[in-house]
Amino acid sequence: MAIDLPFEKPLVELRVKIDELKRFTEEKGIDMSEEVATLEAKATALAQAIYRDLTPWQKVQIARHPDRPTTLDYARGLCDDFVELHGDRQFRDDPAVVGGIARFGGMAITIVGTQKGKDTKENIYRNFGMAHPEGYRKARRLMKQAEKFGRPILTFIDTAGAYPGTGAEERGQGEAIAHNLIDMVGLRVPIVCIVTGEGGSGGALGLGVGDRILMLEHAWYSVIAPESAAAILWKDATQGQRAADSMCITAQDLYRFGVVDEVLPEPFGGAQRAPQEMIHTVKSAVASAFEHLCCMPVDELLQKRYEKFRNMGVFYEGNDSSLQD
Amino acid sequence: MLKDLFPKKKRYATIAPHPSARDKVPEGLMNKCKNCSEILLSKELDKHMKTCPHCGYHFTLSAPERIAMTVDEDSFEEFDTELKTADPLSFPDYLQKVEKVIEATGLTEAVITGRGAIHGKPVVLGVMDARFIMGSMGSVVGEKLSRAIERAVAENLPMLIFSVSGGARMQEGILSLMQMAKVSAALSRHQSAGLLYISIMTNPTTGGVTASFAMQGDIHLAEPGAIIGFAGRRVIEQTIRQKLPDEFQTAEFVLQHGMIDRVVHRKDMRATLSTILSLHTKGGEDFGD
């Protein structure tokens, strides 16, 4: 049973009415097809109106939808022979981060990504996709391994943020993310990163340094989750909508800032409505990204990766009032 | 009557001090220690490098004060003073806030970078200042640090960063987050060049700064009692629904958990840095030569 979002309510109500009419037609043998057709046309127009101009806050809700494909869905859908690998070799295996090796279009690659659950039980096991330091260290181990064997790396990002807990702090959440950042800058294999749902702060960036940054149409990526921003700015976590609207967190905003290289279109209504179609879109985008990167000499690849992040930011220099970015 | 035996309290004429005399009491003559509440004369506090002589509490230093305490006299040469904050998100009230802070502090942004020497040994420094929007990192902080690190690479010099920061600057959104990757990129080149980077964490060092350059040093030092962590205390308490112990996320706590090398008292910092620098030579030569 699909879960509907609050702003989809009028559409859902209309669909229920259409179903009722259809049932009525069948049961009583009265022809209502004309009415049904009218309502269906109305439903289509309504859906168009809702999904054409989604607000940032509506996108945040779509990005959090539990039926969206997860990292494991993409790993299995994009690749053959996916072999999941576990553990950071230091403390434990963090279920909020998954990774492994697989064959993508005939080429061996390494996949890492944050992993959310499909239901409450799995979400508790996956800690709602919020990683501990051992999750970032597991990712680093697998990426270093990829470098050793010359495998390109594909990362999937869908997390509200790194987990803010006692154990996470004790084991160095900051250090774990920081270590990934500095290592990913220098990995001598191509890296493609995809923000598939939520890109929450340092927890997302810890898997987000690469040569090509892709983002799904309704995903968000920000310095801080909208609710947390609202809690700090206005001391009110329920003002998430206001924060979402003012913080430029959508894929379209990030493309404008040059933070992401490509926005991947989602199926009508969002990835959760047609997961297979979404996986197919991601597959062809990843294929063309790797095709481009894999033929680049390593030194050029690293130089371009350096420049990519080195040039991020907007400021004024001297008396010149033109923006540098 | 009995009460006549106890005369009322005598009334005295009260004379208010002349207003001009009141104005002559200097501002900030005294300070109260935030830890032990001892009243300290500012002069005494300065003598102890702004640490409490009774309990050892370290008062927050401004970046200029920190630089003066760290490098040899007249050796500091500042970099990139002409970079100015922009407002890429058109965030409400952001630039007004920045202008106010600039006026109040005389700083241009939350970090000062430059070249200096410690006991004659040249270094490149980045020193953050908490007075500038909680020492938060936006595009200018990221750019100044990256340029300073690149100069250290070009001139074969060690890099020192004194952190004090609430993390990434919310008002610059995703671009603030990307500064973490940017400074990391610059430091990765410094690292590949085989150069020494010492990260010094002061109170507080949190959020995106902890999750990037503060934790990427060859050697991590911290001032006593400094709060060092990724997530804020309040956020963690809300998540786990428990009160955290007082010592949680202090310099001593993160030392115990293996995240830093040493806790160094402010009075010993310059000497410690000097010793560490002298133990790092490249190609058998001293940095000072």
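Backbone amide hydrogens, once placed in the peptide plane, bring residue B:250 within less than 5 Å of B:228, excluding anything fewer than 5 places away on its chain. Could you tell me which of rounded, prolate or oblate describes the range A:60-310, using a ≥ b ≥ c as the square roots of the eigenvalues of the alpha-carbon gyration tensor, with rounded for a/c under 1.5 and, failing that, prolate when a/b is larger than b/c and oblate otherwise? The shape class here is rounded.
Where both partners of a DSSP beta bridge lie in the range B:60-286, what percent of those bridges are antiparallel, to the nearest 5?
Percent antiparallel among DSSP bridges in the range B:60-286 is about 40.
Under the combined filter of DSSP loop state and at most 12 neighbouring Cβ atoms within 10 Å, the range B:45-109 retains these GluC sites (Glu not before Pro): B:73, B:82. Phi angles of the range A:116-123 translate, via the Karplus equation with coefficients 6.51, -1.76, 1.60 and θ = phi - 60°, into HN-Hα couplings of 9, x, 8, 9, 4, 4, 5, 5 Hz per residue; Gly and Pro are given as x.
Report, to the nearest whole %, how much of the accessible area of chain A belongs to carbon and sulfur atoms, 1.4 Å probe, protein only. Carbon and sulfur: 53 percent of the exposed surface of chain A. Taking every residue in A:96-109 and counting other chain Cβ atoms within 10 Å of its Cβ, the average works out to 0. Extension gain, residue A:103-residue A:295: 0.36 nm per intervening residue step, less the Cα-Cα distance, totals 67.3 nm. By DSSP, the beta bridges lying fully in the range A:91-213 are antiparallel in about 40 percent of cases.
Between amide H atoms placed 1.01 Å from N, distances below 5 Å from residue B:169 occur with B:137, B:138, all of them 5 or more places distant or on a separate chain. Per residue of B:163-173, other chain Cβ atoms within 10 Å of the residue Cβ number 4 on average. For the range A:201-238, a reduction of at least 40 Å² in accessible area between the chain on its own and the assembled protein chains (probe 1.4 Å) is found at A:205, A:223, A:233. Quick check: Cα centre of the range B:96-147 to Cα centre of the range A:211-257, how many Å? So the two Cα centres are separated by 27 Å. DSSP beta bridges confined to the protein assembly as shown are antiparallel in about 45 percent of cases. Extension gain for residue A:23-residue A:84 works out to 17.3 nm (0.36 nm per residue, less the C-alpha to C-alpha distance).
Farthest towards the positive end of the charge dipole of the range A:123-169, among the residues A:159, A:131, A:143, is the Cα of A:143, using unit charges on the Cβ of Lys, Arg, Asp and Glu.
Taking amide H atoms as placed 1.01 Å from N in the peptide plane, the amide H of residue A:296 has no partner under 5 Å among residues 5 or more positions away or on other chains. Diffusion of the protein assembly as shown by Stokes-Einstein, at 4 °C in a medium of 1.567 mPa s and with Rh set to the Kirkwood radius over alpha-carbon pairs, works out to 49 µm²/s.
The modelled label-to-label distance between residue B:81 and residue A:262, using points 7 Å beyond Cα along the C-beta direction, is 4.7 nm. Take every Cα pair under 8 Å whose residues are at least 6 apart in sequence, average their separation, divide by the length of chain B, and the relative contact order is 13 percent.
Axis of helix A:298-310 versus longest Cα principal axis of chain A: the two differ by about 70°, to the nearest ten degrees.
Where in the range A:164-192 does accessible area fall by at least 30 Å² between the isolated chain and the complete protein assembly, at a 1.4 Å probe radius? Those are A:164, A:166, A:169, A:170, A:174, A:175, A:178, A:181, A:182, A:185, which lose 30 Å² or more relative to the chain on its own. Restricting the range B:127-218 to GluC sites (Glu not before Pro) that sit in a DSSP loop and have at most 13 other Cβ atoms within 10 Å of their own Cβ leaves B:155.
Between the residues B:216, B:56, B:111, the greatest Cα displacement towards the positive end of the dipole of chain B, with unit charges on the Cβ of Lys, Arg, Asp and Glu, is found for B:56.
Backbone geometry of the range B:49-59 corresponds, through the Karplus equation with coefficients 6.51, -1.76 and 1.60 at θ = phi - 60°, to 3J(HN,Hα) couplings of 6, 6, 10, 6, x, 8, 10, x, 4, 9, 6 Hz, x marking Gly and Pro.
For the range A:6-53, a simple Cβ point-charge model (Lys and Arg +1, Asp and Glu -1, everything else neutral) yields a dipole of about 160 debye relative to the Cα centre.
Partner shielding of B:85-92 amounts to 5, given as the average count of beta-carbon atoms from other chains within 10 Å of each residue beta-carbon. Taking Cα centre as origin and charging only the Cβ of basic (Lys, Arg, +1) and acidic (Asp, Glu, -1) residues, the dipole magnitude of the range A:60-310 rounds to 380 debye. Scalar couplings 3J(HN,Hα) for the range A:56-61, obtained by applying the Karplus form with A = 6.51, B = -1.76, C = 1.60 to θ = phi - 60°, are x, 5, 5, 5, 4, 5 Hz; x denotes Gly and Pro. For chain B, modelled as a GNM whose springs connect Cα atoms under 10 angstrom apart, the maximal fluctuation among B:253, B:91, B:162 occurs at B:91. Working note: 222 nm ellipticity from helices only, DSSP H runs with n ≥ 4, each -39,500 (n - 2.57), summed and divided by the residues of chain B, gives -10000 deg cm²/dmol to the nearest 500. In the context of the full set of protein chains, residues of the protein assembly as shown present 46 Å² of accessible surface per residue (probe radius 1.4 Å, heavy atoms only).
Working note: 222 nm ellipticity from helices only, DSSP H runs with n ≥ 4, each -39,500 (n - 2.57), summed and divided by the residues of chain A, gives -14500 deg cm²/dmol to the nearest 500. The residue B:234 and residue A:125 beta-carbon pair, evaluated with R₀ = 30 Å, returns a calculated FRET efficiency of approximately 0.65.
Between the range B:33-48 and the range A:100-154, what is the C-alpha centre distance in whole Å? Rounded to whole Å, the Cα centres lie 52 Å apart.
With 26 Å as the limit on Cα-Cα distance, the pairs of A:283/A:308; A:144/B:182; A:283/A:304; B:100/B:144; A:304/B:97; A:116/A:283 that go past it are A:304/B:97.
Please give the total accessible area that chains A and B bury against each other, computed with a 1.4 Å probe and expressed in Å² to the nearest 100.
4500 Å²
Peptides A:307-316, A:39-48 ranked from most to least packed by the mean count of surrounding Cβ atoms within 10 Å: A:307-316, A:39-48.
Maximal additional length on extending the residue A:38-residue A:234 stretch stands at 66.0 nm, based on 0.36 nm per residue less the C-alpha distance. Computed about the Cα centre, the dipole magnitude for the protein assembly as shown is approximately 1980 debye when only Lys and Arg (+1) and Asp and Glu (-1) carry charge, each at its Cβ. Applying a length cut-off of 18 Å (Cα extent along the axis) and a mean Kyte-Doolittle floor of 0.5 to the DSSP H helices of chain B leaves no helix. For chain A, a Gaussian network of Cα nodes joined below 10 Å ranks A:292, A:86, A:65 by mean-square fluctuation, and the top entry is A:292. Could you please state how large a percent of the accessible area of the range B:149-212 is carbon and sulfur, counting protein chains only and using a 1.4 Å probe? It is 46 percent, rounded to a whole number.
Taking springs between alpha-carbon atoms closer than 10 angstrom, which of A:18, A:124, A:62 fluctuates most in the Gaussian network model of chain A? Its mean-square fluctuation being the largest, the pick is A:18.
The values are calculated or read from the model by the stated rules, or taken from the named source; none is laboratory data. Treat the numbers as computed from the prediction; the structure is a model and nothing was measured. Because the Cβ atoms are built from the backbone with ideal geometry, glycine has one as well, and the counts that use them run over all protein chains shown. For accessibility, only protein heavy atoms count, side chains too; no ligands or nucleic acids. Shrake-Rupley method; radii C 1.70, N 1.55, O 1.52, S 1.80 Å.
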